[in-house]
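> Here it is, the structure in full.
FYI, it's all coordinate maths here, none of it is from the lab. Remember, predicted model here, so these are calculated numbers, not experimental data. Cβ atoms come from the backbone with ideal geometry, glycine included; neighbour counts cover every protein chain shown.
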């Protein structure tokens, strides 16, 4: 009986060691991106992304916690605009600043997550005209610390966040095409 427990214990130790070693081989950065085509010119789509006060009309995160507290900075659109939130475990807490704004083609955002896990990521919205329509790409990238590498073995972050991006782009499309 003791021998059986020793084998089980050794197997668990080996399995944990394999996961920990495998995590070291994972990439140090991540990139998640989703795109859609919106039947509207970039000049109509761009203000919806470039102004944080417009985000409640399309952002998938705005409705995940109806009690979420939002704080807008003195500037809400364009370079230097700020937005912060604090909510339940569905949205966590964090803030964003528009670090670059190139109408009507690109918005660069510095995203800082404070809860549930601290993270500092770059978000880019790229708008490209296409025969009267606009191709919009929502991208996020950042550094992956070791603990996150371990978690990413078991959690498909690309799918989890990518699904949110897809939902947001679908809403953005609906709003812009009105």
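> Compute the projected area of the convex hull of the Cα atoms of the range 29-176, averaged over all viewing directions, and report it in nm² to one decimal place.
Working: hull surface 32.8 nm².
Orientation-averaged projected area of the Cα hull: 8.2 nm².
> Would you mind checking the tilt of helix 2-24 against the longest principal axis of the Cα atoms of the chain, expressed as 0 to 90 degrees and rounded to 10?
Value to nearest ten degrees: 30.
> What residues of the range 74-106 lie in the reach of a label at residue 43, counting those whose backbone N is under 18 Å from a point 7 Å from the Cα along Cα→Cβ?
102-106
> Highest first, please rank the peptides 148-157, 122-131 by the mean number of other Cβ atoms sitting within 10 Å of their residues. Please list the in-between numbers first.
Values: 148-157: 13.6, 122-131: 15.8.
Ranked by mean Cβ neighbours within 10 Å, highest first: 122-131, 148-157.
> Could I ask something else about it? For a Förster distance of 45 Å, can you work out the FRET efficiency between the beta-carbons of residue 137 and residue 21, rounded to the nearest 0.05?
With a Förster radius of 45 Å, E is 0.80.
> Then there's this: For the chain, modelled as a Gaussian network with Cα springs under 10 Å, which listed residue fluctuates most, 77, 89, 59?
89
> Next question. What is the packing order of peptides 7-18, 134-145, taking the mean over residues of other C-beta atoms within 10 Å and listing the highest first?
In descending order of packing, they fall as 134-145, 7-18.
> Per 5 Å bin, what percent of the C-alpha pairs of the range 47-103 does each bin hold, from zero upward?
4, 21, 28, 25, 15, 6, 1
> Then there's this: Based on the Cβ-Cβ distance of residue 174 and residue 71, what FRET efficiency does E = 1/(1 + (r/R0)^6) give at R0 = 41 Å, to the nearest 0.05?
Working: r = 27 Å, r/R0 = 0.65.
E(calc), rounded to 0.05, equals 0.95.
> Using a 7 Å offset from Cα along Cα-Cβ at residue 105, what residues in the range 36-74 end up with backbone N under 20 Å from the label point?
36-51
> Next up: Per the helix-only calculation at 222 nm, which mean residue ellipticity applies to the chain, given -39500 (n - 2.57) for every DSSP H run of n ≥ 4 and division by its residues, nearest 500 deg cm²/dmol?
So the calculated ellipticity at 222 nm is -11500 deg cm²/dmol.
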